[in-house]
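Chemist: Sharing a structure, written as structure tokens. Questions coming.
The values are calculated or read from the model by the stated rules, or taken from the named source; none is laboratory data. Since this is a predicted model, take the numbers as computed values, not measurements. In this analysis, Cβ positions are derived from the backbone assuming ideal geometry, glycine residues included, and neighbour counts consider all displayed protein chains. Calculation scope for accessible area: heavy atoms of the full protein, side chains included, ligands and nucleic acids excluded. Shrake-Rupley method; radii C 1.70, N 1.55, O 1.52, S 1.80 Å.
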Amino acid sequence: MEKRLNAVATWLLILIYGAIVAQGERTRDKMYEPIGGASCFRRLNGTHQTGCSSTYSGSVGVLHLINVEADLEFLLNNPPSPPYAPLIPPHLFTRSNLMRLKEAGPKNISVVLLINRTDQMKQFSHELNCPNQFSGLNSSSETCDASNPAKNWNPWGTGLLHEDFSFPIYYIADDDQIQKLVDCFQKFNNFNYETHALRSLCAVEVKSFMSAAVNTEVCMRRTNFINNLGGSKYCDPLEGRNVYATLYPRKPAVENGLTVVHTNEKFILVSCRLDTASMFDGVGLGAMDSLMGFAVFTQVAYLLRQLLPPQSSLPDSLRNVLFVTFNGESYDYIGSQRFVYDMENFSFPPESAGSPPIAFDNIEFMLDIGTLDDIANIKLHALSGTPLAQKILEKLNNYAKSPRYGFNLNIQSEVGAHLPPTSAQSFLRNDPKFQALILNARPTNKYYHSIYDDLVNVNFTYANTSKDFTQLAEVNDFKSLKADSLQMKVRNVSSILAMTLYQELTGKEYTGTKVANPLLADEFLYCFLQSADCPLFKASSYPGSQLTNLPPMRYISVLGGSQESSGYTYRILGFLLSQLQADIPRENCTVLPLHFFAGFNNIGECRLTTQNYSHALSPAFLIDGYDWSSGQYSTWTESTWSQFSARIFLRPSSVHQITTLSVGIVVLIISFCLVYIISSRSEVLFEDLPASNAALPRPTAC
């Protein structure tokens, strides 16, 4: 019976505890309302920390809606119930306003909320006026003059991406979430400001604590020390993957058991930037800042693959084209710096590729496709005037101005140190005599490196024709597309470049009627701007692959982070530059360089591919004893964090909190007094009863 009673009591306690926990969770759910969004986070380089961080337990601030700049004065001049959390629309999210909030410090400002109300927004770029100024060819004003909008590459830059803020900045895009915040502010906060300290107010709590601090040198030293003891990390180097492919397959590195270096191989290096950047985690498509150049790059590669004869038919059968997309270029040219470092050490391609090393002597020249903001105003940049630069310019304009094709473009030339911030600067910094040409447009992107550089910024409308985008187009095809549509602009520039390289490789002027297919550009842009569940990604994936309906992230990230863009680029280059192997069945198409793709018809096809990965990790993290402040290589790292979250609730007034604390202290004192009195008078209060076994007789001795 006693055991049954104990079991019943135990189960009763468990049920009571469960009810209390459930009630507590329901109470918490009623108290807090989650807010979805994206948070600013911390990055570090060799000398500074940039970005944002909350306090360890989360930063709390009273909501205050900013409609005009004058509303900030309330927060900056002795507000009644600090700290506050201003809700700021993009047109007021300026450098001057943010720096004023920063100077107000955590005493007045504990959180900043950026709300997606773009009605009055005219520009929004967080990057510097001179991106990567101190990691390129040189840091002088000849390359970029930040004080002169006519001589810098981002006239609308605020530099906020490179500032350090002591409070979290949280971006909220969803209209319903924004309205929830505004309604809460209007209901509880937007009246009788003088009595804020006397009543409950609508507040927000943001958790985005960053583990790293000071700079990369300090953070890596702490991380390495902790890791030696088996602990966690404080920061990770920015790290990703470059993707490269050759137009023609290369000979293997080992022939008849011997390692072979083909010193007579010659390559034209065609490159572009793969990544983009923004202040907020997981947000930012980089539509104009790098995706336009990436789209042209892809079209050039595919058009050349279709137009050119076999390599053995070229005047020089050892010539080839090396296509490379560099990752991490937004952060001091991580990908191209590593590429140059590997070439200097005869480590490119990686040993796992099974191909002979490529050295600088193997590169004839580099054609780097930069930002193409304004396709009507493209220039061919070169550090110094050379016969090669003049020859390429003449060929480009021969096709750009030809009435046969109707491209109606005029490509200008600019020679000198005023070079755009592209990957070619890593090569020129290593050797100023390196033959590098940069195709770049006049800067017009007012949303460079920001969350608003999206399909609206490039005026992209998906044609969605369902036609075969793998076929080349005739000059007069697709008259239904507007001449100034984004797809046609990409077609025109891609065709001009491909025709120029065709003539360079064959020695003959291109006189055909085939041009780049604008539908390939249409599908490419749709995949990277709207949804990865798209025809191009499906065609270049394994049959039956399940793809997400979100566009891939193109931020370089860290080891173990998202590398979606590299993966999709690998597949696209593999598919578009490969050779069909119709006689090889699916079961035998499993070992690289053979790769089985779904194809346009999604029936599956085996192809001989040339694409591969190379490391995009700064050499600074490979060199023992590297001087982190030298500026020789990129030193960017990303802080670790545990979670990003935001929620709103009613924050009690100061009077309410003080009253609650006071009552609690009084109750605590009274409790101690009662316990002391009861304990000291226990003999009087509790009668001394005999033990339960006192009535039992004593056992007798045997």
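Chemist: Among the residues of the stretch 432-458 satisfying the criterion of being part of a loop (DSSP other than H, G, I, E, B), under 24 Å from the mean Cα position of the chain (by Cα) and polar (S, T, N, Q), which is nearest to VAL283 (Cα to Cα)?
Modeler: Among those residues, the one meeting the criterion is SER450.
Chemist: For the stretch 461-488, give me each residue that is crowded, with 20+ Cβ neighbours inside 10 Å and within 26 Å of the chain's Cα centre (by Cα).
Modeler: If the condition is that a residue be crowded, with 20+ Cβ neighbours inside 10 Å and within 26 Å of the chain's Cα centre (by Cα), then LEU486, GLN487 are the ones that fit.
Chemist: Could I ask something else about it? Residue by residue through the stretch 595-609, note down the ones that are on the phi < 0 side of the Ramachandran plot and in contact with a helix residue (DSSP H, G or I) (Cβ under 8 Å, 6 or more places away or on another chain).
Modeler: HIS595, PHE596, PHE597, ALA598, PHE600, CYS606, ARG607, THR609
Chemist: Given the criterion within 17 Å of PRO86 (Cα to Cα) and either of a type in the set (Val, Ile, Thr) or exposed (fewer than 14 other Cβ atoms within 10 Å of the Cβ) (or both), identify the matching residue among GLN186, GLN177. Step through it out loud before you land on a result.
Modeler: Numbers: GLN177 fails: either of a type in the set (Val, Ile, Thr) or exposed (fewer than 14 other Cβ atoms within 10 Å of the Cβ) (or both).
Testing whether each residue is within 17 Å of PRO86 (Cα to Cα) and either of a type in the set (Val, Ile, Thr) or exposed (fewer than 14 other Cβ atoms within 10 Å of the Cβ) (or both) leaves just GLN186.
Chemist: Also, quick follow-up: Just to be sure before I move on: is SER141 in a loop (DSSP other than H, G, I, E, B) and under 17 Å from LYS102 (Cα atoms) in the structure I sent? Step through it out loud before you land on a result.
Modeler: On the way: in a loop (DSSP other than H, G, I, E, B): yes; under 17 Å from LYS102 (Cα atoms): no.
Judged against the criteria, SER141 is not a match.
Chemist: Might you let me know whether the stretch 121-131 holds any residue that is open to solvent by 10 Å² or more (accessible area, probe 1.4 Å), farther than 30 Å from SER384 by Cβ and over 24 Å from the mean Cα position of the chain (by Cα)?
Modeler: The answer is no, given that none of the residues of the stretch 121-131 is open to solvent by 10 Å² or more (accessible area, probe 1.4 Å), farther than 30 Å from SER384 by Cβ and over 24 Å from the mean Cα position of the chain (by Cα).
Chemist: Here is a follow-up. Could you grab me the full set of residues in the stretch 322-369 that are among the β-branched types (Val, Ile, Thr) and either over 30 Å from the mean Cα position of the chain (by Cα) or more than 22 Å from SER565 (Cβ to Cβ) (or both)?
Modeler: Residues of the stretch 322-369 that are among the β-branched types (Val, Ile, Thr), as a first pass: 324-325, 334, 340, 358, 363, 369.
The answer is ILE358, ILE363.
Chemist: Follow-up question, since we're still on this one. Here is a check on your reading of the model: is LEU44 over 20 Å from TRP641 (Cβ atoms) and modelled with pLDDT of 95 or more?
Modeler: Here the answer is no, as LEU44 does not meet what is asked.
Chemist: For ASN459, state whether it is under 27 Å from ILE392 (Cα atoms) and touching a residue at least 24 places away in the same chain (Cβ under 8 Å).
Modeler: Spelling it out, it is not the case that ASN459 is under 27 Å from ILE392 (Cα atoms) and touching a residue at least 24 places away in the same chain (Cβ under 8 Å).
Chemist: OK, next. If a residue has to be among the small types (Gly, Ala, Ser), farther than 17 Å from GLU605 by Cα and surrounded by 16 or more Cβ atoms within 10 Å (Cβ to Cβ) to count, how many in the stretch 540-566 make the cut?
Modeler: Within the stretch 540-566, residues that are among the small types (Gly, Ala, Ser), farther than 17 Å from GLU605 by Cα and surrounded by 16 or more Cβ atoms within 10 Å (Cβ to Cβ) number 4.
Chemist: Also, quick follow-up: Where the second residue is among the polar types (S, T, N, Q) and the first is on the phi > 0 side of the Ramachandran plot and lies in the stretch 193-222, which pairs have Cβ atoms under 7 Å and are six or more apart or on separate chains?
Modeler: That search, which allows pairs on different chains as well, returns VAL214/GLN49.
Chemist: Is it the case that PRO34 is open to solvent by 70 Å² or more (accessible area, probe 1.4 Å), under 25 Å from ASP175 (Cβ atoms) and modelled with pLDDT of 95 or more?
Modeler: Values: open to solvent by 70 Å² or more (accessible area, probe 1.4 Å): yes; under 25 Å from ASP175 (Cβ atoms): yes; modelled with pLDDT of 95 or more: yes.
Here the answer is yes, as PRO34 does meet what is asked.
Chemist: Another question, then. Do we find that THR659 is crowded, with 21+ Cβ neighbours inside 10 Å and either part of a loop (DSSP other than H, G, I, E, B) or out of contact with any Asp or Glu (no Cβ under 7 Å at 6 or more places or on another chain) (or both) in this structure? Talk me through it step by step, then tell me what you get.
Modeler: On the way: crowded, with 21+ Cβ neighbours inside 10 Å: no; either part of a loop (DSSP other than H, G, I, E, B) or out of contact with any Asp or Glu (no Cβ under 7 Å at 6 or more places or on another chain) (or both): yes.
Judged against the criteria, THR659 is not a match.
Chemist: Kindly establish whether GLY507 is modelled with pLDDT of 95 or more, over 17 Å from the mean Cα position of the chain (by Cα) and at positive phi.
Modeler: Spelling it out, GLY507 is indeed modelled with pLDDT of 95 or more, over 17 Å from the mean Cα position of the chain (by Cα) and at positive phi.
Chemist: Can we say ILE451 is of a type in the set (A, V, I, L, M, F, W, C) and surrounded by fewer than 22 Cβ atoms within 10 Å (Cβ to Cβ)?
Modeler: On the way: of a type in the set (A, V, I, L, M, F, W, C): yes; surrounded by fewer than 22 Cβ atoms within 10 Å (Cβ to Cβ): yes.
Spelling it out, ILE451 is indeed of a type in the set (A, V, I, L, M, F, W, C) and surrounded by fewer than 22 Cβ atoms within 10 Å (Cβ to Cβ).
Chemist: Of these, PHE600, PHE621, which one is touching a residue at least 40 places away in the same chain (Cβ under 8 Å), closer than 30 Å to SER208 by Cα and not polar (S, T, N, Q)? It would help to see each step written out before you state the result.
Modeler: Values: PHE600 fails: closer than 30 Å to SER208 by Cα.
Only one candidate passes the filter, namely PHE621.
Chemist: Which residue, of SER578, SER630, is surrounded by 20 or more Cβ atoms within 10 Å (Cβ to Cβ) and either among the polar types (S, T, N, Q) or under 29 Å from the mean Cα position of the chain (by Cα) (or both)?
Modeler: Testing whether each residue is surrounded by 20 or more Cβ atoms within 10 Å (Cβ to Cβ) and either among the polar types (S, T, N, Q) or under 29 Å from the mean Cα position of the chain (by Cα) (or both) leaves just SER578.
Chemist: Same structure, new question: Of the residues that sit in the stretch 259-276 and are at pLDDT below 95 and not in a strand (DSSP E or B), which one is surrounded by the fewest Cβ atoms within 10 Å (Cβ to Cβ)?
Modeler: The residue in question is ASN264.
Chemist: Next question. Considering only the stretch 41-60, state which residues are touching a helix residue (DSSP H, G or I) at 6+ places or on another chain (Cβ under 9 Å), farther than 21 Å from THR158 by Cβ and crowded, with 24+ Cβ neighbours inside 10 Å.
Modeler: Answer for the stretch 41-60, where residues must be touching a helix residue (DSSP H, G or I) at 6+ places or on another chain (Cβ under 9 Å), farther than 21 Å from THR158 by Cβ and crowded, with 24+ Cβ neighbours inside 10 Å: just SER59.
Chemist: Follow-up question, since we're still on this one. From (1) open to solvent by 20 Å² or more (accessible area, probe 1.4 Å); (2) at pLDDT 95 or above; (3) under 30 Å from LYS266 (Cα atoms), pick out the condition that doesn't hold for SER494.
Modeler: (1)
Chemist: Of the residues ASP373, ASP453, which is in contact with a Pro (Cβ under 9 Å, 6 or more places away or on another chain) and under 16 Å from SER290 (Cβ atoms)?
Modeler: Criteria check complete, one pass: ASP373.
Chemist: Looking at THR635, THR609, which is the one that is out of contact with any Lys or Arg (no Cβ under 8 Å at 6 or more places or on another chain), within 30 Å of GLN546 (Cα to Cα) and in contact (Cβ under 8 Å) with a residue 60 or more places away in the chain?
Modeler: Step by step, each of THR635, THR609 is checked, and only THR609 is out of contact with any Lys or Arg (no Cβ under 8 Å at 6 or more places or on another chain), within 30 Å of GLN546 (Cα to Cα) and in contact (Cβ under 8 Å) with a residue 60 or more places away in the chain.
Chemist: Those residues that are farther than 14 Å from ASP454 by Cα and in contact (Cβ under 8 Å) with a residue 60 or more places away in the chain, I need them from the stretch 117-126; list them, please.
Modeler: ARG117, MET121, LYS122, HIS126
Chemist: Report those strands (runs of 3 or more DSSP E) wholly inside the stretch 352-431 carrying at least 1 residues which are touching a residue at least 12 places away in the same chain (Cβ under 8 Å), crowded, with 20+ Cβ neighbours inside 10 Å and in contact with a helix residue (DSSP H, G or I) (Cβ under 7 Å, 6 or more places away or on another chain).
Modeler: So the answer is 363-369, 378-382.
Chemist: Just checking, does the stretch 314-323 include any residue being assigned to a helix (DSSP H, G or I), open to solvent by 20 Å² or more (accessible area, probe 1.4 Å), over 29 Å from PHE528 (Cα atoms) and touching a residue at least 24 places away in the same chain (Cβ under 8 Å)?
Modeler: no
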